[in-house]
Amino acid sequence: MGLRFEIRASDSPWVDSVWTCTSERVTTMTSVAGARLGLVFWEQDGAAHAAVPGPETRTGTAPVPEGAVFTGIDLAVGTTLRMAPTADLLDGGLTLPDTSRRTFRLDGARWQTPGPDDTEALVERLVRAGVLDREPLVADVLRGHRPAFSQRTVERRFRAATGLTRGAVRQIERARTGALLLAAGAQAADVSAELEYFDEPHLARALRTYVGRTARQLREGAGGAIALDVAQRRTS
């Protein structure tokens, strides 16, 4: 028993992935660092809830509503929320008020609560209404492009959009990728080489800081519930 995830990639440039999760006989989990804003909706004991989780800079322990069913949207890195600077949501987020099974309130308006297949349509409506925006420079930089701005300007705009430095985003994304590779059975030496860590101890430190697991725990599925789809139940 624990957290049962299913996750799918998205064709939307505003959405990285969409996930569903059910919690069974679990009240806490290991949180995992992440560089994205999200939208999360869940039901527990007949009550509906919604939140905007912010980027997380390191691992920790987080409570889990037992017996809850979640639908979540991980927005693309660099997506921002009009009502709050991303830096203000770092290692935190917003609990959205007045949520029902049908609707939720965000940025002064009511929106229809999505199911797993309606998430991109919701995001498109939020974009059209100006509730969500994005900094295109972030995607360009992460793809390796060199914008025609000074490094100071690039760093300032990157941090304003994500709440994080470019280096922090890369370290977080690399550690998450490493965790998934290890959970799929890869050896630490191979993961360290593939992701260009200096050596295995550097990989181990990154996993402790950002994922809260050792390479062995990830390979063996040990350590309890974790906010990462280590079972790789991914659909298209």
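The set of residues in the range 14-25 that are assigned to a strand (DSSP E or B), open to solvent by 20 Å² or more (accessible area, probe 1.4 Å) and not acidic (Asp, Glu) comprises Trp19, Thr20, Thr22. Restricting attention to the range 182-224, the residues that are crowded, with 19+ Cβ neighbours inside 10 Å, under 20 Å from the mean Cα position of the chain (by Cα), farther than 19 Å from Val77 by Cβ and not basic (Lys, Arg) total 5. Taking the numbered list (1) closer than 22 Å to Thr71 by Cβ; (2) modelled with pLDDT of 95 or more; (3) within 19 Å of the chain's Cα centre (by Cα) in turn, Ala109 passes all entries but (3). Identification of strands (runs of 3 or more DSSP E) wholly contained in the range 26-84 with 3 or more residues that are of a type outside the set (Val, Ile, Thr) and open to solvent by 10 Å² or more (accessible area, probe 1.4 Å) yields 38-44, 47-53, 60-63. Does Ala161 qualify as being assigned to a helix (DSSP H, G or I), surrounded by 17 or more Cβ atoms within 10 Å (Cβ to Cβ) and without any contact (Cβ under 8 Å) to a residue 60 or more places away in the chain? So Ala161 fails the test.
Taken over the range 93-117, the residue count meeting the criterion of being assigned to a loop (DSSP other than H, G, I, E, B) and either open to solvent by less than 80 Å² (accessible area, probe 1.4 Å) or closer than 17 Å to Gly78 by Cα (or both) is 10.
Among the candidates Glu120, Glu173, the residue that is assigned to a helix (DSSP H, G or I), out of contact with any helix residue (DSSP H, G or I) (no Cβ under 7 Å at 6 or more places or on another chain), under 21 Å from Asp91 (Cα atoms) and of a type in the set (Asp, Glu) is uniquely Glu173. Listed by first and then second residue, the pairs with beta-carbon distance under 8 Å, at least 6 apart or on different chains, first residue in the range 19-36 and closer than 17 Å to Ile172 by Cβ and of a type in the set (A, V, I, L, M), second assigned to a strand (DSSP E or B) and open to solvent by 40 Å² or more (accessible area, probe 1.4 Å), are Val32/Glu56; Ala33/Glu56.
The values are calculated or read from the model by the stated rules, or taken from the named source; none is laboratory data. From a predicted model like this one, the values you see are computed outputs, not experimental measurements. No Cβ is skipped: glycine too gets one built from the backbone with ideal geometry, and neighbour counts run over all protein chains shown. Only protein heavy atoms, including side chains, enter the accessible area calculation; ligands, DNA and RNA are left aside. Shrake-Rupley method; radii C 1.70, N 1.55, O 1.52, S 1.80 Å.
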